1. What does the net charge come to around B:Phe202 if you take all other residues with beta carbon closer than 11 Å to its beta carbon, with K and R at +1 and D and E at -1?
2. Quick one: dipole size for the stretch A:336-419, taken about the Cα centre, charges +1 on Lys/Arg Cβ and -1 on Asp/Glu Cβ, in debye to the nearest 20.
3. Say we join alpha carbon atoms closer than 10 Å with springs in a Gaussian network model of chain B; which of B:Phe46, B:Phe194, B:Phe163 then has the biggest fluctuation?
4. Would you look at the GNM of chain B, springs on alpha carbons closer than 10 Å, and say which of B:Ser250, B:Ser229, B:Ser214 moves the most?
5. What does the helix-only formula give at 222 nm for chain B: each DSSP H stretch with n ≥ 4 adding -39500 (n - 2.57), the total divided by the residues, and the result rounded to the nearest 500 deg cm²/dmol?
6. Per the Kirkwood treatment, what hydrodynamic radius in Å, one decimal, follows for the stretch B:233-290 from the mean inverse distance over all distinct Cα pairs?
7. Students often get this wrong, so check it: of A:Lys42/A:Lys230; A:Lys178/A:Lys230; A:Lys234/A:Lys283; A:Lys47/A:Lys230; A:Lys42/A:Lys356, which have C-alpha atoms separated by over 27 Å?
8. For an R0 of 60 angstrom, estimate the FRET efficiency from the Cβ-Cβ distance between A:Met112 and A:Ala449 and round to the nearest 0.05.
Amino acid sequence: MQSETPLAIQVQGVTKSFLGQRALDDIHFEVARGEVHGLVGKNGAGKSTFMKILSGAQPPDSGDIIVGGQAFKALNPAEGRAAGIAIVYQNPELHLDLSVAANIFLGAEPRMALGIIDEKAMARQASELLARLGLNLPVGRRLGDLDIADRQQVAIAKAVREKAHVLLLDEPTAALNKAQAEFLFNLIRDLARQGMAIVYVSHHLDEVLAISDRITVLRNGRKVALVDGKGADKEGLIAMIVGRTLDAVEPRRLDKPRAEAFLVMDGVSSEGGLDRVSLEVAKGEIVGLTGLIGGGANALAAVIGGLDHRHVSGAMTLGGRPYAPRAVREAIARGVLFIPEDMRGRGLVMSLSIAKNISLAALRSLSKLGWLKLAKETGVATAMSEQLDLNPRAPSREVRFLSGGNQRKALLGRAIFADGQLFVLEEPTQGVDVESQRQIHDHLRHLAAKGATIVFVSTDLEELIALADRILVLRGGRIEQSLSPEGLDPQQLLAAIQTQSTRSLN
Amino acid sequence: MSSPAATVAQAIRKPGGLRTLDIGRYTLLIVLLLIVVVTAIGNPRFLSVNNLMNILFQVSALGIVASGQTILLIAGGLDLSVGAALSVAGLATALTIMSTGSVTLGILAGVAAGVVVGTINGMLVATNRATPFIITLGTMTFLQGVAILMSGGSPINGTGKLFDVFGLGDFLGVPWPVYAMIVSILAMFLILRFTTLGRYAFAIGGNEEAARLSGIPVRRIKIALYALSGLFVGAAGVILTGILDSGLPSMGTGYELRAIAAVVIGGTPLIGGRGTVIGTLGGVLLLGLVSNSMNLLGVGANFQSAVLGLIITAAVLLQKKT
Ligand SMILES: Nc1ncnc2c1ncn2[C@@H]1O[C@H](COP(=O)(O)OP(=O)(O)OP(=O)(O)O)[C@@H](O)[C@H]1O
Ligand SMILES: [Mg+2]
């Protein structure tokens, strides 16, 4: 079908280097009108860089971008928009203090006499547009009050309003749960049916396979394959991405956690929304927390990590001793390390190097009387970079220059280096590629085998099943179900998360 | 003449730095060289060893204050009260020497005044939601009042041995205040690069929440940083009192602006998270060169302050995009 339909965008021989290193090497690429084109590759393969070049956010070193019959050496963002190219980032760049309608119509507001914005017309047109797209969003609400999934929908509606005919989506579902992702897929399919060309970047290969007409695979900045979405299977796709074969399904842990309880919670309620949670986690156990947004998984992590400490009632013990941290610092002093999902906002210090981000929670072990042992720090960071397959292996590189997945690895490296007894990890592998995800999982299993306890929050069903010894589904601030991942399939887990009834299986 | 410029360029260079940083770095360098060339042509005396030493002598107190201010800006903070605090410290020194006759006690009083004021600022900043700008604007106004009360409105003259050392004395031809400035910059350099305190400052300025989630005692560190800056201000107050052989309620006026300007010119962004004290030294020298050359070229005081304003604005605009 592709050869007959007109091309929406075509790329010929695009090349881009950073600091003398090739990020993209002679890329040829095309998307037809009405096509959903998947773009996959390992962390640092060049996907985001390529998307930025397509949208005009970054110039290529060489090559041509052909849109609307016109060849560009480089686009600037305004030209990109004029040519009908829209990019939606994982966390869309919108104005949080403006309403949904105002965001959609930013720069093209309907006006009355004297140039005054016609709020009513704007709200009406926004409602009409959203209705046409099958979206149910409150046009008058402040954008900052909406969650990420809704913000993405607003960004997409804005692109439609701007008459974009190429939509670039860079890991749109990384921070979404399954239901939100499904909703987005339906929207994408609708838009494609109406003739929109869509480029879809993701590490969730099942999604990519389900939604893409064609899939381009990048490896080390080179295009290594272009496959038909219908004919491809996951195992084959993984092999192309990674360059070697991996099992389609990740093998689970073989050893068993120990019997002694390490973390005990007894009727714990919190300001963050926990409602009389009682829980025992064994030493060396890996517990996965999940549920719908606001269900309480993150609230539970916040209490254990020492972030949410006001108005916490109930009792906790850690390693047999009472545990009531009044600050994150106190939790860390007890060997409890928390890693937040919001990597950019709350995790990494973007102005500092990889090494300095990795060492940040454990400077005590890298200093003597307040003096840093810099050589040791570099050594430690180098070793950690190797263990986590961080790319590039340059401890002195500022983390803001890393690809998204590699930033996540650096953040995780901080917790692992700090050598805790209890790790509390929110979305530990969000945005991380298949191979690295397995490496990280192996690493966590290894830590658990050595006696560390791990509590992680995840919306990734496969990750929950592959990594956890026990999956807890939270709803309304309570532990609603406790599931054994042994033999559990993702659909069952999804049903458990989404079920409205409050009956408990165990 | 090329060596400070080269050092400055070295210090501000960042591996893989953005283009904006490069502009900032070269701007400083070019401006420095332009000033040197223009002034040297206009007045050959400018490049004499005597005059260059004179510039260093004149900026010494500023260099000390700016060293302290550097770590505050790196940590995402700011202290507008350093000028007024410098006056208070200077007056504390002069008054103590006057009433006890002991220069040692005078030095201790001045340094202690700086540390106390810094600590109070730190506690206010660490425990309030208001920005450091507003909080230290408040303490600045308060301290200006204190300085006038302390002096009774007129200079406290006569510092005896303090004047002999800092006002008149030198070692190997270099005035003692210049050594004090070098020691300050060196100390701050070591703190920033080699101590946990310095690292914490970078982390807090880069991402305060990430610092907190990494177990860094953010409040305590902030207080410590303001106290540390206060120590530098106190030392500068003592030295300036020695140079002037008196304590004046207005002796620190304008220091806050010039110190912050020097730090920003030196490549430390107002939003924090990065920066170097060597860059600050470059900023201090730039300001010193500018005012010295304007003096030599016979530029009036009002015009000089307009030029200072332009430099500060340009520095901030160039930094904006990092
Ligand atoms: N501004 C920059 N300066 C230096 N290097 C950069 C810059 N931007 C990207 N890179 C490098 O280019 C390479 C490609 O990065 P890119 O962000 O495109 O990867 P990606 O495929 O999107 O990875 P991920 O799956 O982790 O998001 C990486 O090695 C990255 O470190
Ligand atoms: Mg990316």
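1. My count for the surroundings of B:Phe202 gives +4.
2. Charge dipole, the stretch A:336-419, about its Cα centre: 220 debye, nearest 20.
3. B:Phe194
4. Between B:Ser250, B:Ser229, B:Ser214, it is B:Ser214 that shows the largest mean-square fluctuation.
5. Theoretical 222 nm ellipticity from helices: -25000 deg cm²/dmol.
6. Result for the stretch B:233-290, one decimal place: 12.5 Å.
7. Result: A:Lys234/A:Lys283 exceed 27 Å.
8. After rounding, the FRET efficiency stands at 0.30.
We did not get these values from a lab; they are worked out from the coordinates using the rules stated. A quick note: this is a predicted structure, and the numbers were derived from the prediction, not measured. FYI the Cβ positions are ideal-geometry reconstructions off the backbone, even for glycines, and counts take in every protein chain you see.
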